[in-house]
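One structure follows; several queries about it will come next.
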Amino acid sequence: MAQFWREYRENWIATLALAVVVLIVAAALAAPLITPQDPYDLANLNLRDARRPPGFVGSGGYVHWLGTDAQGRDLFSAILYGLRISLQMGVAAGAVAFGLGTSLGIMAANIGGKIEQGIMRLVDLQLSFPAILLALVLVAMLGQGRVPLIIALVTAQYAYFARTAYGAATAERQKDYIEAARATPLPGRSIVLRHLLPNCMPPLIVVGTVQIANAISLEATLSFLGLGLPPTEPSLGMLIANGFQYMMSGRTWISVYPGIALILLIVAINIVGDQLRDQFNPRLRR
Amino acid sequence: MLGYIIQRLIQSAFVMLAMSALVFLGVYAIGNPIDVLISPDATQDIREATIRHYGLDQPLWRQYLAFLGRLLQGDLGRSFVLNIPVLHLVLSRLPATLELALTSVLIGAFIGIPLGIYAGYRPESPASKAIMAASVLGFSVPTFWVGLILILTFAVNLDWLPAGDRGPTVEIFGVGWSFLTWDGLRFLALPAINLSLFKLAMLIRLSRAGTREIMLSDTVKFARAAGLTDFTILRRHVLRLISIPLVTVFGLEFGSTLAFAVVTETIFSWPGVGKLIIDSITSLDRPVMVGYLILVAFLFVTINLVVDLTYAVLDPRLRRGRRV
């Protein structure tokens, strides 16, 4: 572990990206403590403060460092609360997709036969179909809200985990240590859980990192199109969509700052994922 | 070869059948279409008459067969909102989307492949590193956000290009096209660039990886020994060898470009099928949703088929009917 960390730190861009991710997650978690106002408590909002540029000192007596939106909400506070929702959705969808996809992939590799073919056909068919379209249709069918959105994100993403887990499991199964474990009286279940699964983890962790970034991006896109969460739970995508109409009149900060927060998060997660991929890749080992 | 074509055709037909069943179940069976069709204060008689008229009293498999029968005759129903046949509606919007998607895929190919080959040919040069860093950004940054920034920069701040809408079109065979006039091109520019960035990033990565691999191969060593210049080697050997995986990705990416056009069309109010599906989702226009999905599925299956057949032409191992 210490060695892994030492190797990770050799790449300063990846280290910086990890620091950015940690910082953003911490800021989102601590949002109620470090923001000047609760952006969704209507009593805090004053329409006289609406659409003010960054640096404006509002009626609350504090500086709006990133300006305010159309309802007079402090954008810095709104962004941190929005990050909370975006991160929640991304991590929840990523975790469920990880569990479902990995189970299906490992099941297919272990059972074989008709079930293997059935599962992998479905996965391949889905991978050839764009994720965004699938998510769009599901959200349209199931309606708005957290659960439909997570179902849509999971459906759009589990196939990547299933493909990866299947590939890793079929490769690992042919190795000697699994053969040796089979020769012992261990039940099949514990061979899969204690020996096969841990050795399939590295590629899955990489896919998981990238898929959390993708889930956040997909959720933002759906929210931007007005198909994500209801307006009472605005994620970053909705903040950007709300600011879009003011962009033409030069009030660009309402859209631009939430967008910068979103991109920082996604790019940082992707760079961390890239570094993990390189470190897990045995072919690049020295 | 003929056997291979027939086999792939039968496979495609089966996939289409499965897709139509899924779409039918997804859109018609979940939720109750009757609530959309009949106003809540209609009398019991009208309710029953309407249910019978649309065949909703029949068992589900019968409804599906009837749906399939109409589908084969090209009847996708009428839009609840606009009261126009769905096929007509989607087909009238399709050229705008095809034009946008094709332009952006071409931008991606003509800029992305040369850049990727260069980055693979000189992997250590600063220019290659810059190209790769840009492609990471192209991958990560969401399409809708890039669209906003493009509008902000080129339409609002610089005022060079229009921010949305399609602008003037030229009619050919009864279909309007933008790319034939200078003014139309100006309207096409921003949405096409927006849509192409993801493809661009992907094609750069793929052609770089392919080129790096092939530059180390014996083919290139022998070509060098024969005294060919590096440029000729890149053009004649590398480009041909990386073209096989590129055609696959290119074809599949064309499909996903059609899907991502949903986002771009919404931002730039481009009047294509992507905007149509978003509008029909917000107005709960089920026949339009079904029609769009069936047509997109059909496009996907056709593209996959064409990609496989192109593969067979490009790869001599497949051409002779041998399995790889």
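Quickly work out the A:L29-to-A:Q245 label distance, labels modelled 7 Å from Cα along the C-beta direction, and quote it in nm with one decimal.
It is 3.7 nm.
Assign one of three labels to the stretch B:183-241, namely rounded, prolate or oblate, based on the Cα gyration tensor with a ≥ b ≥ c the square roots of its eigenvalues; rounded applies when a/c is under 1.5, prolate when it is not and a/b is larger than b/c, and oblate otherwise. Show your work: numbers first, answer last.
Working: a/c = 6.03, a/b = 2.55, b/c = 2.37.
Taking the square roots of the gyration eigenvalues as a ≥ b ≥ c, the stretch B:183-241 is prolate.
Expressed in nm to one decimal, what extension gain is obtained for the pair B:T153 and B:A130 from 0.36 nm per residue of sequence separation less their Cα-Cα distance?
Details: separation 23, 0.36 × 23 = 8.28 nm, distance 2.20 nm.
Extending this stretch completely gives an extra 6.1 nm.
Multiplying the sequence separation of A:D38 and A:A171 by 0.36 nm and subtracting their Cα-Cα distance, what value in nm do you get? Could you put the intermediate results ahead of the total?
Values: separation 133, 0.36 × 133 = 47.88 nm, distance 5.13 nm.
Here the answer is 42.7 nm.
Which of these, A:T221, A:T68, A:T170, has the largest mean-square fluctuation under a Gaussian network model of chain A (Cα springs below 10 Å)?
Checking each option, the largest mean-square fluctuation is seen for A:T170.
Fully extended, how many nm does the chain gain between B:V313 and B:L216 (0.36 nm per residue separation, minus their Cα-Cα distance)?
Working: separation 97, 0.36 × 97 = 34.92 nm, distance 2.58 nm.
That pair, B:V313 and B:L216, stretches by 32.3 nm at full extension.
Something else: Looking at the square roots a ≥ b ≥ c of the eigenvalues of the Cα gyration tensor of the stretch B:265-306, which shape do they give, rounded for a/c under 1.5, prolate if a/b is larger than b/c, or oblate?
Note, shape of the stretch B:265-306 comes out oblate.
Please give the FRET efficiency for A:I13 paired with A:M201, using the beta carbon to beta carbon distance and R0 = 25 Å, rounded to the nearest 0.05. Mind dumping the intermediate values first?
Working: r = 25 Å, r/R0 = 0.98.
E(calc), rounded to 0.05, equals 0.50.
In the stretch B:59-82, whose amide N lies under 14 Å from the spot 7 Å out along Cα-to-Cβ of B:L25? List them in ranges.
B:60-62, B:64-65, by backbone N distance to the label point.
Turning to a different aspect of this structure: What average count of beta carbons from other chains do you get within 10 Å of the Cβ of residues in A:130-141?
For peptide A:130-141, the averaged partner shielding equals 6.
Readers should treat all values here as calculations from the given coordinates under stated rules, not as data from a laboratory. Here the structure is a predicted model, which means the values were calculated and not measured. Glycine also receives a Cβ, built like all others from the backbone with ideal geometry; neighbour counts cover every protein chain displayed.
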